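Colleague: Got a structure here, written out as structure tokens. Questions coming.
None of the figures in this text is laboratory data; all of them are computed from the coordinates on show. Since we're looking at a predicted model, the values are computed, not measured. As a convention, Cβ positions derive from the backbone with ideal geometry for all residues, glycine included, and neighbour counts pool all protein chains shown.
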Amino acid sequence: MSELHRVWLKPKGPLTDLATAQSIFGALCHAMKDHHGEQILETFLSDVFAGKEIFAVSRLLIKDTLPFPMDFLPQEHGNETSALSKDGLHALGKTIKKVRHVSIKAFSLYRNDLQAFEQAMYDLENGQGPLAINEKMRLVYHKDEASIFDGFDYKHYVGTRNKIACDIDDQELFYTSALHFSDAAIMEFYLLCDKARLNQIQEALNANKDLVIGGQVSIGYNNYEFLDIVNGPRYSTKKKMLLSKALVTSGQFHPSTSFYSISRIDSLFTNELASDKLHIPLVVFDEGSIIDTELETIGNIVPEPRLFDGKTIYQYAIGLLI
């Protein structure tokens, strides 16, 4: 039986971005291979692809936050339950477009009482009600959590340097973008798996507390310390929110009663030839999409059309639903 868990990590330096679920899945696969061996990893991948095992991870999140749900849109009916004018509703709509995250406590209000959450969002625009907004973090949170998020800080730096190539004539300005979080920052991702797989992953992470997640843009970036794994929340609801990008497939959900956006994960290429694709492009549902389904996950891992060193390479496109 699969269970939902929260995996806590601490950044050990600058981050190029908050890691995607694809990057986290890849990091876990490498950790399993290094600690348990290649055969364990290959069996795991083939079982997940064949649907014999339920497994999913979310993208990396700031601890105690989730993506903002896509099915909250200010409507004219807001006038029935609040004092907001049409201009106020328009202003709230502009505010919502800037928001990317919601705290777990505010999300629980949304999940358990949608009408109360809607009222609180309308009241937010008037500076009233139980919710508040942290504009820098683009976060809606419960006022009881002010001590958690008001003291949270990060800085976004963009640096420049010359990119030196082998050919002396091939020199260009190279930009690096990095997020520097405060020492108090803790990140997390959600993990859905059975107990046996959880034990394997926890053993692998405990064996080497240092974890690199994401592209190796530069030495010292995207390094984390593994802290702990704790139980995650479960909500009994048919409409669920995506915490990771999911392959667009038919038959897994009810499109007419879902709220979603779609994007494309583009191909990656080797450094040698632009035509040498490492990954095929995928069309996916975005995080925060609200999916009407009875399933715990949607999507799948996608095998590459050709082998690499005689082995099948998979792209991760499983949507974890909460």
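Colleague: Got a sec? Which residues in segment 248-265 would a label at Lys97 touch, if it sits 7 Å along Cα→Cβ and we count backbone N under 17 Å?
Modeller: Answer for segment 248-265: 261.
Colleague: May I ask you to sort Phe285, Phe72, Phe49, Phe149 by Cβ crowding, counting other Cβ atoms within 10 Å and putting the fewest first?
Modeller: Listed from fewest to most nearby Cβ atoms, that is Phe49, Phe72, Phe149, Phe285.
Colleague: Going by how many other Cβ atoms sit within 10 Å of their own, how do Val48, Val283, Val57, Val302 line up, fewest first?
Modeller: Values: Val48 22, Val283 13, Val57 27, Val302 18.
Sorted ascending by nearby Cβ count, the order is Val283, Val302, Val48, Val57.
Colleague: How would you order 228-235, 286-293 from highest to lowest mean count of nearby Cβ atoms within 10 Å?
Modeller: Numbers: 228-235: 13.0, 286-293: 20.6.
Output ranking for 228-235, 286-293: 286-293, 228-235.
Colleague: Using θ = phi - 60° and the Karplus curve 6.51 cos²θ - 1.76 cosθ + 1.60, what whole-Hz ³J(HN,Hα) does each residue of segment 243-253 get, with Gly and Pro shown as x?
Modeller: 9, 8, 5, 10, 4, 6, 9, 8, x, 9, 7
Colleague: With a 10 Å Cβ neighbour count serving as the proxy for reagent exposure, in which order, fewest first, do Lys245, Lys52, Lys311 appear?
Modeller: Lys52, Lys311, Lys245
Colleague: Given 0.36 nm per residue, what is the gain on full extension from Ile148 to Asn199 after removing their alpha carbon distance, in nm? List each step's numbers first, then the result.
Modeller: Details: separation 51, 0.36 × 51 = 18.36 nm, distance 3.05 nm.
My answer for the length gained is 15.3 nm.
Colleague: Take the residue pairs Lys12/Lys97; Lys98/Lys155; Lys98/Lys238 and return only those whose Cα atoms are more than 23 Å apart.
Modeller: Violating the 23 Å limit, Cα to Cα: Lys12/Lys97; Lys98/Lys238.
Colleague: Show the residues, 5+ positions off or on another chain, whose built amide H is closer than 5 Å to the amide H of Asp228.
Modeller: For Asp228, the qualifying residues are Trp8.
Colleague: Now, a different point. What spacing in nm lies between the two simple spin-label points modelled at Asp286 and Lys311, each 7 Å away from Cα in the Cβ direction?
Modeller: Label-label distance for Asp286 and Lys311, simple model: 3.4 nm.
Colleague: Return the sequence-ordered ³J(HN,Hα) values of segment 184-199 in whole Hz as given by the Karplus equation 6.51 cos²θ - 1.76 cosθ + 1.60 applied to θ = phi - 60°, using x for Gly and Pro.
Modeller: 7, 5, 10, 9, 8, 9, 8, 10, 10, 6, 7, 5, 5, 5, 4, 4
Colleague: Whole-Hz Karplus ³J(HN,Hα) for segment 316-322, in order, using 6.51 cos²θ - 1.76 cosθ + 1.60 and θ = phi - 60°, x for Gly and Pro?
Modeller: 8, 9, 9, x, 7, 10, 10
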